[in-house]
Amino acid sequence: MEQENLPVRFIETRAPMIVTPITLTGEHVCMQPLALTHLEPLCAIGLDEELWRWTTVNIQTPEHMRAYIATALREQAEGKSLPFATTEKSTGRIVGCTRFGNIDTANRRVEIGWTWVGREWQRTAVNTEAKLLMLEHAFETWSCLRVEFKTDSLNARSRSAILRLGAKEEGTFRNHMITDSGRLRHSVYYSLIDSEWPEVKARLQQKLETAKA
């Protein structure tokens, strides 16, 4: 991979990055703080083997989903994650789940991931606007300098989607994770940085406008 020449920068202000549960609302989706009360609606759409094909976990039962939510909430209490239930505004239905993870307040860095939506809402404005809302919060409220994404090296659809978002591929973490099936996963990492955000934001807004046309 070609080496990118990055400018030397110094950060003069270090205002605190306050991470607390918050609701993010757009035209198509509402991102609610994840709670155990979302277990039943998430099970209604999320016990689908294909949704978990390229993840490290395999959610097959309500008990698995409960453990998944509990883990996200424990990491939230530890300051590591901020999970959301994704709601379709027009129907009020819970359609998926996502989160901020690997939160690093000292370095103003966060990862967006653990994202899934039911098949009916894939390739719709739901996921596009959810990403827009989360990126807006990261760059404009938290003043993040970097937002990360990662995915399984074998997940061609996810890799293409992250590139379409405008993120830059940085490299592959080999032998990175062991999945529930025992498969050794290599993870591809991507990032957006603050200077790239205005262009990415305009592109996402244009995609949403085109979807409405």
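Excluding ASN175 itself, what net charge comes from residues whose Cβ is under 12 Å from its Cβ, given Lys and Arg +1 and Asp and Glu -1? Spell out each step's value before the answer.
Numbers: positive: ARG174, ARG183, ARG185; negative: none.
Local net charge: +3.
Would you please give the FRET efficiency between THR61 and ARG164, computed as 1/(1 + (r/R0)^6) with r the Cβ-Cβ distance and R0 = 35 Å, to the nearest 0.05?
0.55
How do 31-38, 15-22 rank on mean C-beta neighbours within 10 Å, highest first?
Ranked from most to least packed, the peptides come out as 31-38, 15-22.
What spacing in nm lies between the two simple spin-label points modelled at ASN107 and GLU4, each 7 Å away from Cα in the Cβ direction?
That separation, rounded to one decimal, is 1.5 nm.
If contacts are Cα pairs under 8 angstrom and at least 6 residues apart, what is the relative contact order of the chain in percent?
This gives 17 percent for the chain.
Mind checking which lysines have their C-alpha under 17 Å from LYS80, skipping anything on the same chain fewer than 8 residues away?
The reachable lysines, counting only those whose Cα sits under 17 Å from LYS80, are LYS150.
Taking 7 Å along the Cα-to-C-beta vector as the label spot, tell me the SER143-GLN205 distance in nanometres, rounded to one decimal.
Here the answer is 2.2 nm between the modelled labels.
With θ set to phi - 60° and the Karplus curve 6.51 cos²θ - 1.76 cosθ + 1.60, what are the ³J(HN,Hα) couplings of region 27-39 in order, to the nearest whole Hz, using x for Gly and Pro?
Karplus-based 3J(HN,Hα) across region 27-39 equals 7, 9, 10, 10, 9, 9, x, 5, 8, 5, 5, 7, 4 Hz.
Could you give me the radius of gyration and the Dmax of the chain, taking only the C-alpha atoms into account and expressing both in angstrom?
17.0, 50
Check cross-link reach from LYS212 to the lysines: straight Cα distance under 23 Å, and skip same-chain residues fewer than eight apart.
Reachable lysines: LYS89, LYS131, LYS201.
If you count only protein heavy atoms with a 1.4 Å probe, what accessible area per residue comes out for the chain, rounded to a whole Å²? Kindly include the intermediate steps, with their values, before the conclusion.
Details: 11850 Å² over 213 residues.
Heavy-atom SASA per residue in the chain reads 56 Å².
Just the number, please: carbon plus sulfur as a percent of the accessible area of region 75-183, 1.4 Å probe, no ligands or DNA/RNA counted.
Carbon-and-sulfur percentage of accessible area, whole number: 45.
Pull out the extension gain between ALA156 and GLU136, defined as 0.36 nm times the separation in residues minus the alpha carbon to alpha carbon distance; nm, one decimal.
4.6 nm
The values are calculated or read from the model by the stated rules, or taken from the named source; none is laboratory data. If you're wondering where the values come from, they're calculated on a predicted model, not measured in any experiment. Positions of Cβ are backbone-derived with ideal geometry, glycine not excepted, and every protein chain shown enters the neighbour counts. For accessibility, only protein heavy atoms count, side chains too; no ligands or nucleic acids. Shrake-Rupley method; radii C 1.70, N 1.55, O 1.52, S 1.80 Å.
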